[in-house]
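Single-structure report; data block below.
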Amino acid sequence: MKKAILFAAMLALSSQAQAQNRDAAPAEGIVIRTEGEVRVKPDIATIQAGLVSEGKTAAEALSKNTPALAKLVEAVKAAGVAPADLVTSQVSLIPRMTQPPVTPGPRPPRAATIDGYEARTGLTITMRDLAKAGPLIDALVAAGSNEMSGISFGLADESKAKDAARKKAAEAARARAALYAEALGVKVGDLVSIVEAEAEAVGRASGDMRAFRMAASAAPISVEPGELTVTSSLRTVWRIAP
């Protein structure tokens, strides 16, 4: 008797779960994947700049690097960059190894030797006035920067652009569901589920130090930020109305 009651209870729970699943996400319906896209002008620039110093000893390499880095920091502060927008992003000391030539015969190979050291320091600078990005690059080169990985652009706050992209994705989802329904001779029912897949803002411009040095010796650097593309991806499920 107890077994019968237990079996009946499990059957009732299973039927209830199946009914809930049917209500939550129908096995059959209109599944739409859409993407909304907006293009906006960036309002911040991120510059990666630094120094590479060499010396016979680690101390010599560092002793050259430290005062040179101070000049770069002075140039950044003179450009009006806030302390919070200046970050030391790299500090490294790397030995330069020399591999001895291979000699013929049964002699074991000789170990590589250290013939010097290379000290690297890097700065990550956030510019909130894009008009000053080019002059800052010129100032960094003039102050002695001999390593620059490039410049990238972004948004200080991309929430408004992201919401605009989300709205476009939602509008596209409704329109596409209606299009499919009309083409197939059915009617769109209730919206069952919405799943958002985040996408990052994209848009970069970059250059190497050789190009910057050549330009700095001839004319001031001109930085063109262009536009960023902000997207939002959406997956919606719609019922097919009876």
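The values are calculated or read from the model by the stated rules, or taken from the named source; none is laboratory data. Bear in mind that the values here come from a model prediction, so they are computed numbers and not experimental data. Cβ: placed from backbone, ideal geometry, glycine included. Neighbour counts: every protein chain shown. Side chains are part of the model used for accessible areas, which takes the heavy atoms of the whole protein and leaves out ligands, DNA and RNA. Shrake-Rupley method; radii C 1.70, N 1.55, O 1.52, S 1.80 Å.
Here the gap between D129 and I194, fully extended at 0.36 nm per residue and compared with their Cα-Cα distance, gives a gain of 19.6 nm.
Amide hydrogen proximity for M127: with H placed 1.01 Å from N in the peptide plane, the residues at 5 or more positions away or on another chain lying under 5 Å are A45, T46, I47.
The stretch 37-71 and the stretch 162-177 have their alpha-carbon centroids 42 Å apart. For K56, the lysines whose Cα comes closer than 29 Å to its Cα, not counting residues fewer than 8 places off in the same chain, are K64, K71. Split the accessible area of the stretch 94-194 by element, probe 1.4 Å, and carbon with sulfur accounts for 57%.
Taking a straight Cα-Cα cut-off under 17 Å and skipping sequence neighbours fewer than 8 places away in the same chain, the lysines within cross-link reach of K77 are K132.
The string of couplings for the stretch 223-228 from the Karplus curve (6.51, -1.76, 1.60, θ = phi - 60°) is 9, 10, x, x, 10, 9 Hz, one whole number per residue in order, with x for Gly and Pro. Would you mind getting the accessible area per residue of the stretch 39-105, heavy atoms of the protein chains only, 1.4 Å probe, in Å²? Roughly 60 Å² per residue, with all protein chains present. With 0.36 nm allotted per residue and the present C-alpha distance subtracted, the E37-L62 stretch has 4.2 nm of extension available.
The distance between label points at D163 and A183 comes to 3.3 nm (points 7 Å beyond Cα on the Cα→Cβ vector). Under 5 Å from the amide H of I240 lie the amide H atoms of I30, G189, each residue being 5 or more positions distant or on a separate chain, with H modelled from the backbone and absent for Pro and chain starts.
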